[in-house]
Amino acid sequence: MKENEKKSRILLQLFITFMKIGTFTFGGGYAMIPLIQRETVVKRKWVDDEDILNIVAIAESTPGPIAINTSTFVGYRVGGFWGAVVGTAGMILPSFVIILAISFVLKRFQDIQIVKYAFNGIRAGVLALIIRALWLMYKNVKKSAVTYIVMAAAFVLCAFADVNVIIVIACCALFGLITSYIKTGKEKQNI
Amino acid sequence: MIYIRLLWTFFKIGAFTFGGGYAMLPLVESEVMAHGWMDEQDIVNFIAVSESTPGSFAINVATYVGEEVAGIAGSVCATLGVVLPSFIIILIIAGCYKKFRDSGIIKGCMSGLKPAVVGLIGASVISVGREVFIPDGLAVEIFKAAGTYVSAGILVIALILSFKKVHPIIIIILSAILGIAAGYIA
């Protein structure tokens with residue numbers, strides 16, 4: 001009985017903590033890492049700083065939004081399967097409710113002239129944000145002949161050849177795998 | 001059935017986006033536009049909404065598209081779809097994440113995926129840029145010749161601010177104000 005009570009208290013704490021993180025991180029992505037660190041490491045002591053670094057590394061190499069990767073991972077470490085469910089649900093709930101509310105009004109406001117003007121300006125601003133994101137990601141890529149080829153191929157195939165994005169992504173992963181095996185194979189031969 | 005189509009489409013989006021933030025954009029563009037659920041303009045507008053509200057772009061866009069297409073039940077399906085792939089994968093590797101992280105196969109795949117995402121976002125810059133500067137839509141009739149200069153001006157200002165690490169929400173608000181001012185002056 002007592003064991004059950006303790007467990008449900010942890011689940012409730014997980015839910016509330018991730019709801020807080022989900023509510024206060026605007027824009028999502030890496031912006032939420034500092035808040036996650038403060039809430040789960042400093043305040044709750046559920047995981048340590050090394051775990052957070054690992055989570056970031058894993059989030060980079062698994063599909064899906066970082067928010068979900070993190071809440072599932074920490075939730076699982078603290079409360080098993082149901083911890084993962086509850087943590088992830090808490091993370092999603094705030095943005096889910098807010099976007100639902102917005103979707104009801106956005107369509108109605110979109111036809112007002114002043115809102116149209118505002119969005120004309122906003123789209124140019126958003127383009128700037130995407131260009132900056134592109135620059136940051138470009139800086140983070142290790143530069144070699146292989147990566148330049150992949151970058152150029154993915155760009156051309158998607159922008160001008162209209163190839164399905166999923167196929168492009170899958171091919172690039174396969175290409176990366178093959179070239180890295182060839183590279184390690186050569187290194188072994190040299191030894 | 002529409003609910004299953006929403007779930008499956010967003011499951012694919014969730015399963016094939018690596019790295020957070022705008023890495024999602026190329027896939028959302030192609031999958032959501034292929035179904036006719038949103039056009040390029042809707043997507044760019046929604047990026048601004050997503051940057052100004054909590055949560056990540058993927059979840060926000062899933063919730064929004066789901067609601068637009070099939071009501072609240074639709075938004076639940078789409079959101080569930082985008083979340084499930086990473087939820088399942090993290091559950092599988094949570095116990096052995098060190099092994100996973102150091103695995104040669106994962107490292108090899110990532111060495112191809114990282115530059116691929118850069119190329120794909122580059123493609124998104126082209127599609128969004130096309131929407132900003134040569135929109136076919138009728139909603140922007142005031143933004144023709146003069147509009148191109150206005151958009152270019154806002155783009156340059158926003159670029160400078162974003163490289164000075166000004167918060168995206170401030171950039172969006174400023175772009176909105178400039179857009180309104182330009183609209184009424186023209």
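In the stretch B:33-44, which residues are under 11 Å from the mean Cα position of the chain (by Cα) and either more than 7 Å from chain A (Cβ to nearest Cβ) or open to solvent by 10 Å² or more (accessible area, probe 1.4 Å) (or both)? Don't jump to the end; show me each part of the working.
We begin by selecting, within the stretch B:33-44, every residue under 11 Å from the mean Cα position of the chain (by Cα); these are B:40, B:42-44.
B:40, B:42, B:43 - these are the residues of the stretch B:33-44 that are under 11 Å from the mean Cα position of the chain (by Cα) and either more than 7 Å from chain A (Cβ to nearest Cβ) or open to solvent by 10 Å² or more (accessible area, probe 1.4 Å) (or both).
Can you pull out every residue in the stretch B:47-92 that is free of Cβ contacts under 8 Å to residues at least 60 places away in the same chain and either more than 7 Å from every other protein chain (Cβ to nearest Cβ) or open to solvent by 50 Å² or more (accessible area, probe 1.4 Å) (or both)? Working first, answer last.
Looking only at the stretch B:47-92, we keep the residues that are free of Cβ contacts under 8 Å to residues at least 60 places away in the same chain, and these are B:47, B:49-50, B:53-65, B:67-68, B:71-72, B:75-76, B:87-92.
Across the stretch B:47-92, the qualifying residues are B:50, B:61, B:62, B:65, B:68, B:71, B:72, B:76, B:88, B:89, B:92.
Quick one: is residue A:13 under 28 Å from residue B:64 (Cβ atoms), open to solvent by less than 70 Å² (accessible area, probe 1.4 Å) and either more than 20 Å from the chain's Cα centre (by Cα) or among the acidic types (Asp, Glu) (or both)? Give the steps one after another, and end with the answer.
Details: under 28 Å from residue B:64 (Cβ atoms): no; open to solvent by less than 70 Å² (accessible area, probe 1.4 Å): yes; either more than 20 Å from the chain's Cα centre (by Cα) or among the acidic types (Asp, Glu) (or both): yes.
So residue A:13 does not fit the description; no.
Tell me the helices (runs of 4 or more DSSP H) entirely within the stretch A:98-191 that contain at least 2 residues that are open to solvent by less than 50 Å² (accessible area, probe 1.4 Å) and outside the structural domain of residue A:25 (by TED's automatic domain parsing). In the stretch A:98-191, A:145-159, A:165-190 are the helices (runs of 4 or more DSSP H) which contain 2 or more residues that are open to solvent by less than 50 Å² (accessible area, probe 1.4 Å) and outside the structural domain of residue A:25 (by TED's automatic domain parsing).
Just to check your reading of the model, which residue among A:150, A:141, A:146, A:97 is closer than 30 Å to residue B:72 by Cβ and not polar (S, T, N, Q)? Please lay out each step first, then the result.
Working: A:150 fails: closer than 30 Å to residue B:72 by Cβ; A:141 fails: closer than 30 Å to residue B:72 by Cβ; A:146 fails: closer than 30 Å to residue B:72 by Cβ.
Result of the check over A:150, A:141, A:146, A:97: A:97.
Going residue by residue through the stretch A:50-65, is there one that turns out to be more than 18 Å from the chain's Cα centre (by Cα) and assigned by TED's automatic domain parsing to the domain that holds residue A:82?
Our first condition is that a residue be more than 18 Å from the chain's Cα centre (by Cα); within the stretch A:50-65, this holds for A:50.
After this cut, where a residue has to be assigned by TED's automatic domain parsing to the domain that holds residue A:82 as well, the list is A:50.
Yes, because at least one residue in the stretch A:50-65 is more than 18 Å from the chain's Cα centre (by Cα) and assigned by TED's automatic domain parsing to the domain that holds residue A:82.
Of all residues in the stretch A:60-72, those satisfying the criterion of being facing chain B (nearest Cβ under 7 Å) and touching a helix residue (DSSP H, G or I) at 6+ places or on another chain (Cβ under 6 Å) are A:61, A:62, A:63, A:64, A:65, A:66, A:67, A:68, A:69, A:72. Total residues in the stretch B:15-32 satisfying the condition of being of a type in the set (Asp, Glu) and more than 8 Å from the chain's Cα centre (by Cα): the figure is 1.
Given the condition in contact (Cβ under 8 Å) with a residue 12 or more places away in the chain and not β-branched (Val, Ile, Thr), answer yes or no: does some residue in the stretch A:98-118 qualify?
No, the conditions are met nowhere in the stretch A:98-118.
One residue alone among A:114, A:102, A:98 is out of contact with any helix residue (DSSP H, G or I) (no Cβ under 8 Å at 6 or more places or on another chain), over 19 Å from residue A:54 (Cβ atoms) and within 7 Å of chain B (Cβ to nearest Cβ), and that residue is A:98. Scan the stretch B:9-66 residue by residue and report those that are modelled with pLDDT of 90 or more, among the aromatic types (Phe, Trp, Tyr) and not in a helix (DSSP H, G or I). Of everything in the stretch B:9-66, just one residue is modelled with pLDDT of 90 or more, among the aromatic types (Phe, Trp, Tyr) and not in a helix (DSSP H, G or I), namely B:37. Within the stretch A:32-55, the residues that satisfy the criterion of being of a type in the set (A, V, I, L, M), assigned to a helix (DSSP H, G or I) and crowded, with 17+ Cβ neighbours inside 10 Å are A:32, A:33, A:36, A:41, A:52, A:55.
Can you find a residue that is surrounded by fewer than 17 Cβ atoms within 10 Å (Cβ to Cβ) and among the charged types (D, E, K, R) anywhere in the stretch B:108-115? Within the stretch B:108-115, none of the residues are surrounded by fewer than 17 Cβ atoms within 10 Å (Cβ to Cβ) and among the charged types (D, E, K, R).
In the stretch B:163-186, of all residues being at the interface with chain A (Cβ under 8 Å from one of its Cβ atoms) and under 12 Å from residue A:126 (Cα atoms), the one that is most open to solvent (accessible area, probe 1.4 Å) corresponds to B:174. Checked against the criterion of being without any contact (Cβ under 8 Å) to a residue 24 or more places away in the chain, β-branched (Val, Ile, Thr) and more than 7 Å from chain B (Cβ to nearest Cβ), the stretch A:137-148 has no qualifying residue.
The values are calculated or read from the model by the stated rules, or taken from the named source; none is laboratory data. Computed from a predicted model, the values in this text were never measured in an experiment. So basically every Cβ, Gly included, is an ideal-geometry build from the backbone, and we count neighbours across all protein chains shown. Each accessible area value is taken on the protein alone, full model and side chains, heavy atoms only, with ligands, DNA and RNA left out. Shrake-Rupley method; radii C 1.70, N 1.55, O 1.52, S 1.80 Å.
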